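The values are calculated or read from the model by the stated rules, or taken from the named source; none is laboratory data. Given the structure is predicted, the values throughout are model-derived calculations rather than measurements. Here the Cβ positions follow ideal geometry from the backbone for every residue, glycine too, while neighbour counts run over all protein chains shown. Ligands, DNA and RNA are excluded from the accessible area calculation, which covers all protein heavy atoms including side chains. Shrake-Rupley method; radii C 1.70, N 1.55, O 1.52, S 1.80 Å.
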Amino acid sequence: MATPLLLVATDLVAGSVLAFAVYFPRHHRKDLVTAFLGINVGVLAVAMTLSDAAVGIGLGMGLFGVLSIIRLRSSEIAQHEIAYYFAALAIGLLNGIPEETSALPVALTALVVVTLYVADHPRLYARHRSRSLRLDSAHTDEAALRAHLEALLGGRVVNLSVKNVDLVNDTTLVEVRYVIHHAGAPVPAPGSAARPGVRA
């Protein structure tokens, strides 16, 4: 049986593990660590205050809606960071509005943290990369563009999407997903001109 105090402790431990042990060592964004912890503890506090079963479902949906609004009005974040946002919110809800004290919220909280740990692990698809590049040449032949990108990036292109071809300024904007030949191979940083033919 899980007491309210145990649920609070579970939430704090799970939120801290998610932010400090899983997210930050992999992505190094201090501002999002603050956001994850703030959302997690804030949702827990609100959910425990309004833990009446009659408002539990409505509260959960309302909080997810509020987070969506915040997402639209904030600076752009990556898809994996959205997953961490929702995980932090879910952990707060799981431990804040249980209808009865049981081990289920604790188990589900652990499941959320373990899922993010595994799904965002650096060794999962370790050789797969994604880049948005602006090339110093206008490419209208996809096969030639693919060959150029494979030589430039040192990997096998598995998907590419041409966003813009400027024939006047002789540039191509392309999003490319590729698999590098070796896991330790250097790749150009986003927005950098790592080699001739690429510019931000």
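Quick look at the numbers
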quantity: Contacts under 6 angstrom Cβ, first residue in the range 142-169 being under 12 Å from residue 129 (Cα atoms), partner of a type outside the set (A, V, I, L, M) and in a helix (DSSP H, G or I), 6 or more apart; calculated: 157/146; 157/150
quantity: Hits in the range 120-141 (condition: open to solvent by 70 Å² or more (accessible area, probe 1.4 Å), without any contact (Cβ under 8 Å) to a residue 40 or more places away in the chain and either farther than 21 Å from residue 163 by Cα or in a strand (DSSP E or B) (or both)); calculated: 123, 124, 125
quantity: Residue tally, condition touching a Leu at 6+ places or on another chain (Cβ under 7 Å) and open to solvent by 60 Å² or more (accessible area, probe 1.4 Å), over the range 142-161; calculated: 1
quantity: Matching entry among 89, 72, 44, 32 (being modelled with pLDDT under 65 and in a helix (DSSP H, G or I)); calculated: 72
quantity: Output for the range 1-47, where each listed residue is open to solvent by 70 Å² or more (accessible area, probe 1.4 Å) and over 16 Å from the mean Cα position of the chain (by Cα); calculated: 1, 3, 4, 5, 6, 12, 13
